[in-house]
Amino acid sequence: MKFMPLNIQLFAASVSSISAYETDIDIANNRSYIQLSIAVITTGSTWNASGSAYVNATLTGQNNTYSIPQTYFTINKNQTKTVYTGKIGPFYHNDDGSLNPVQINVSTYITSNYSPSGSATCNMSTIARKSSVSATNANIGSNSIITINKQSSSFTHTLTYSFGSLSGTIATKTSASSVNFTIPTSFYAQIPNAKSGTCTITCTTYSGNTNIGSTTTTFTASCSESACAPTVSATIVDVNSKTTALTGNSSTLVRYKSTARITPSATAKNSASISKKTVDGTTVSNYLDIPNVSKNSFSVSATDSRQPNGFATTITKTATMINYVQLTCNANFKRANQTSSVVNLTYSGNYFNGSFGSTSNTLTMSWKYREKGVSEWTTGGTLSPTISGNTYSGSIQCGTNFDYEKNYEFMIEYADKLETKEPLTVPLNKGQGSLEIYDKAIKANGEVLFYWD
């Protein structure tokens with residue numbers, strides 16, 4: 001109870017007093033009353049013993065106005081007399097509990113020549129009202145700290161939440177000023193296509209069992225990448241029957257020859273879905289085939305449905321690879337000299353000199369020839385190169401019956417377990433004789449044609 005006595009000289013020739021203070025403060029209903037007392041003082045020449053003296057008073061508040069009933073009294077000379085005592089109200093405070101001072105206007109009648117009046121004010125308290133509330137942003141599964149700004153230490157508060165179609169109670173009539181709210185994992189299902197959402201916290205303030213009012217706040221509940229990024233795996237197999245027959249294992253790739261099939265697999269987390277899968281940046285629905293594959297490591301990624309951009313996980317998937325060396329051949333057919341019928345062959349190239357797994361590689365080579373303009377080829381024979389590491393080389397004499405005055409074509413056929421190469425065809429043009437002129441002779445191809453003294 002708050003007492004604010006006011007003693008004020010009201011009437012010029014005589015003295016009266018008003019005592020007014022706020023009382024019966026009602027937090028639950030946001031209102032209070034004024035206890036009012038009015039006293040009159042007479043002198044030796046002023047009195048009213050007939051009972052016809054009276055007092056009036058009006059109390060004007062910010063939201064309410066009251067008038068006391070006209071109250072009659074008797075009073076003698078030189079007397080101080082309380083002529084009115086009463087509790088006036090209720091005065092309803094503003095929503096925030098405040099209220100401006102109440103204006104009190106008093107008028108009296110003692111005699112026809114003496115009717116003094118006056119005024120005073122009564123200050124009103126600010127009644128504690130509903131508390132305010134705030135909450136920190138947090139990831140789903142962790143704590144949002146809810147802070148209650150209590151307007152009165154006696155207040156208790158009930159906290160509730162709403163998120164999408166979910167709602168629930170966090171605390172019931174708690175007296176704490178800070179509450180940890182562990183965000184339920186059920187929030188994930190409310191935002192399958194978003195990385196965050198807005199949660200509303202409602203704080204209801206109680207004074208005892210009386211509901212004073214509610215306030216709300218919001219915070220952002222987010223999905224963390226560590227909790228929501230999808231899981232990704234992949235398989236790599238060779239779907240080329242020719243290479244798998246040599247390796248005996250579809251999980252082994254042969255460089256430049258296998259067809260690698262990369263099949264990504266992804267699982268979204270916490271109610272999301274998979275929106276995209278890629279292999280080396282190429283979007284795939286089921287799998288990606290790479291013919292004549294040249295590498296054995298691939299970047300496999302999956303992105304979920306949460307926007308913006310989604311959560312993504314990327315892995316590197318590596319397969320066993322046989323480092324096959326592609327088969328090549330270089331050949332040179334050359335006459336022993338310009339007019340010789342002897343033709344020599346030198347040749348070299350690259351060759352995979354190793355095992356594919358279940359089968360080792362082999363190299364086969366042969367040569368043919370024909371006179372230019374003739375359709376049929378004549379078999380020359382097989383070649384037996386010298387193999388060193390992943391290269392080979394060799395040389396042979398192809399024969400002595402290649403007329404230097406004719407043009408020929410030579411062919412090399414070569415193959416390994418994986419490749420039968422397009423035959424290598426090399427032309428050999430006819431030879432050209434040399435003519436030498438001296439001061440007493442002319443020679444052709446080293447033989448004397450003419451001689452003179």
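The values are calculated or read from the model by the stated rules, or taken from the named source; none is laboratory data. As the structure is a computational prediction, the values presented were derived from the model and not from experiment. A quick note on method: Cβ atoms are made from the backbone with ideal geometry, for glycine too, and the neighbour counts reach across all protein chains shown.
In segment 218-225 there is at least one residue matching the filter, namely being modelled with pLDDT of 95 or more and of a type in the set (A, V, I, L, M). Right, residue 357: assigned to a loop (DSSP other than H, G, I, E, B), small (Gly, Ala, Ser) and in contact (Cβ under 8 Å) with a residue 40 or more places away in the chain or not? Yes; evaluated as a whole, the condition is true for this residue. Among the conditions (1) on the phi < 0 side of the Ramachandran plot; (2) assigned to a loop (DSSP other than H, G, I, E, B); (3) polar (S, T, N, Q), the only one that residue 292 does not satisfy is (1). Checking each residue in segment 122-140 for being touching a residue at least 40 places away in the same chain (Cβ under 8 Å), closer than 24 Å to residue 66 by Cα and not small (Gly, Ala, Ser) picks out 122, 123, 124, 127. Here the strands (runs of 3 or more DSSP E) wholly within segment 74-191 that include at least 2 residues being of a type in the set (Phe, Trp, Tyr) are 80-92, 156-163.
Take the conditions (1) small (Gly, Ala, Ser); (2) modelled with pLDDT of 95 or more; (3) exposed (fewer than 14 other Cβ atoms within 10 Å of the Cβ); residue 373 misses just one of them, which is (2).
Screening segment 385-423 for residues that are out of contact with any Ser or Thr (no Cβ under 9 Å at 6 or more places or on another chain) and surrounded by fewer than 12 Cβ atoms within 10 Å (Cβ to Cβ) and picking the one that is farthest from residue 339 (Cα to Cα) gives 389. Among residues of segment 348-362 being hydroxyl-bearing (Ser, Thr, Tyr) and surrounded by 15 or more Cβ atoms within 10 Å (Cβ to Cβ), the one that is farthest from the chain's Cα centre (by Cα) is 348.
Comparison of 161, 114 shows that the only residue that is closer than 30 Å to residue 42 by Cβ and of a type in the set (Phe, Trp, Tyr) is 114.
Somewhere in segment 332-347, is a residue under 14 Å from residue 413 (Cα atoms), without any contact (Cβ under 8 Å) to a residue 60 or more places away in the chain, buried (at least 16 other Cβ atoms within 10 Å of the Cβ) and assigned by TED's automatic domain parsing to the domain that holds residue 419? Within segment 332-347, not a single residue is under 14 Å from residue 413 (Cα atoms), without any contact (Cβ under 8 Å) to a residue 60 or more places away in the chain, buried (at least 16 other Cβ atoms within 10 Å of the Cβ) and assigned by TED's automatic domain parsing to the domain that holds residue 419.
I'm trying to understand the selection: among the residues of segment 301-345, which are aliphatic (A, V, I, L, M), in contact with a Phe, Trp or Tyr (Cβ under 9 Å, 6 or more places away or on another chain) and not in a loop (DSSP other than H, G, I, E, B)? Those that are aliphatic (A, V, I, L, M), in contact with a Phe, Trp or Tyr (Cβ under 9 Å, 6 or more places away or on another chain) and not in a loop (DSSP other than H, G, I, E, B): 322, 331, 343, 345. Only residues that are farther than 14 Å from residue 108 by Cβ and either touching a Pro at 6+ places or on another chain (Cβ under 7 Å) or not hydrophobic (A, V, I, L, M, F, W, C) (or both) were counted across segment 52-68, and they come to 8.
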